[in-house]
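What follows is one structure encoded as structure tokens, with my remarks underneath.
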Ligand code: PLP
């Protein structure tokens, strides 16, 4: 008789986006004359830059020729893309990496979840609340013990280590999804020192690093002294370059990360060469353009566009005196709604036809808060904020 992994039955049903989508669908069907402005889903809305699309098209056409055809590539990624990312780290963060420390993938979600393969199931996992739900679910699937660290207004939704915190692996996400909060250098240094002192590993999700424009804030954990012996960094082209549907990401595993005499870099290479057969060559050619200076300058125009939307939302919250995080170095605004976050969702949908995401969907500590995203047009964002002001003035 087959025995199933019954940890799956302990997972919370992922109702969040299916429920918000259903509610929006039902509202739209009943009120066809009242279009809903969607500020809920964290998916980009602007197309790929032409330089990337042209490289993908060229590589795709090349595949039909004898000279341009590529079969299996290196599981850890093509050298040209690793080199481009290496230069990018040096340029934006002053961080020197070795080419073999950069592993190309089909996105950060799979790497974040797959990296758990390297650790025994009796580790204690430390997870911030609220946060991107993949960290929790991927560890729950393995039946691991989870300890939550609380995000709240007092710590600006940036939980810090404390004396007596017991754990082996901690997930940090900065800029954070859903709160948009960003750890500063001192805070990350505190985490790095804590991890090194306590034999802990930091799994650092930098999927939104390109939204950081404040040069005093770290874009990579490897800007912090000591991180090479305790941290792994996951990154993605999804929000940086609009690759949510195109799919490409990368993970940095430093050679200095050694546990019990075992190199995590070698273990991850072993894992990837066994279970992953490489990111599409065609897509890697497109990704290479993202990291060129001209390509990144074009991608930054899209990011600036989203950040103007975030700025419009932040200004509205300032005017209304609503407490919030994010919005400056992130595409998210996380606002205090002061009521049940699902009730707030219903109120915005029914009264002003604006859809966001209830904070409780990202963890217990998200109750009473609400996420709005900047992935929309300026016109829609302005209109949504006008409606928001009118509603709250009532
Ligand atoms: N990490 C965070 C914090 C995210 O918010 C997301 C997507 O929303 C991802 C990772 C997933 O990235 P990818 O599209 O590269 O799988």
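The values are calculated or read from the model by the stated rules, or taken from the named source; none is laboratory data. Every value quoted in this text rests on a predicted model; they were computed, and no experiment measured them. Don't worry about glycine lacking a Cβ; one is built from the backbone with ideal geometry, like all the others, and counts go over all protein chains shown.
See the values below:
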quantity: Subset of the range 264-298 (residues that are in contact with a helix residue (DSSP H, G or I) (Cβ under 7 Å, 6 or more places away or on another chain) and more than 19 Å from residue 82 (Cα to Cα)); calculated: 298
quantity: Verdict on residue 127 being within 15 Å of the ligand (Cβ to nearest atom), in contact (Cβ under 8 Å) with a residue 12 or more places away in the chain and farther than 23 Å from residue 244 by Cα; calculated: yes
quantity: Residue in the range 18-34 that is in contact with a helix residue (DSSP H, G or I) (Cβ under 6 Å, 6 or more places away or on another chain) and modelled with pLDDT of 95 or more present; calculated: yes
quantity: Odd one out for residue 161, checked against (1) under 16 Å from the mean Cα position of the chain (by Cα); (2) more than 10 Å from the ligand (Cβ to nearest atom); calculated: (1)
quantity: Residue in the range 207-217 that is within 11 Å of the ligand (Cβ to nearest atom) and in contact with a helix residue (DSSP H, G or I) (Cβ under 7 Å, 6 or more places away or on another chain) present; calculated: yes
quantity: Test for residue 361: is it at pLDDT below 95, under 19 Å from residue 24 (Cα atoms) and surrounded by 19 or more Cβ atoms within 10 Å (Cβ to Cβ); calculated: yes
quantity: Unique match (being at negative phi and part of a loop (DSSP other than H, G, I, E, B)) among 329, 309, 302; calculated: 329
quantity: Pairs where the first residue, in the range 327-356, is at pLDDT below 95 and the second is part of a strand (DSSP E or B), C-beta under 7 Å, 6+ apart; calculated: 327/333
quantity: Restricting the range 342-394 to residues that are in a loop (DSSP other than H, G, I, E, B) and in contact with a strand residue (DSSP E or B) (Cβ under 6 Å, 6 or more places away or on another chain), the residue that is farthest from residue 243 (Cα to Cα); calculated: 363
quantity: Helices (runs of 4 or more DSSP H) contained in the range 1-109 and holding at least 1 residues under 30 Å from residue 292 (Cβ atoms), away from the ligand (no atom under 16 Å from the Cβ) and free of Cβ contacts under 8 Å to residues at least 12 places away in the same chain; calculated: 50-62, 79-93
quantity: Residue match in the range 193-205 (condition: in contact (Cβ under 8 Å) with a residue 40 or more places away in the chain, within 10 Å of the ligand (Cβ to nearest atom), at negative phi and within 12 Å of the chain's Cα centre (by Cα)); calculated: yes
quantity: Members of the range 221-241 found to be within 21 Å of residue 132 (Cα to Cα) and surrounded by fewer than 23 Cβ atoms within 10 Å (Cβ to Cβ), listed by number; calculated: 238
quantity: In the range 261-280, the residues that are surrounded by fewer than 22 Cβ atoms within 10 Å (Cβ to Cβ) and within 25 Å of residue 96 (Cα to Cα); calculated: 261, 262, 263, 264, 265, 266, 267, 269, 270, 271, 273, 278
quantity: Selection from the range 14-35 of residues that are surrounded by 15 or more Cβ atoms within 10 Å (Cβ to Cβ) and farther than 30 Å from residue 135 by Cβ; calculated: 27, 28
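Table: residues versus (1) closer than 22 Å to residue 253 by Cβ; (2) surrounded by 14 or more Cβ atoms within 10 Å (Cβ to Cβ).
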| residue | (1), (2) |
| --- | --- |
| 56 | no, yes |
| 61 | no, no |
| 69 | no, no |
| 77 | yes, yes |
| 80 | yes, no |
| 86 | yes, yes |
| 91 | yes, no |
| 96 | yes, no |
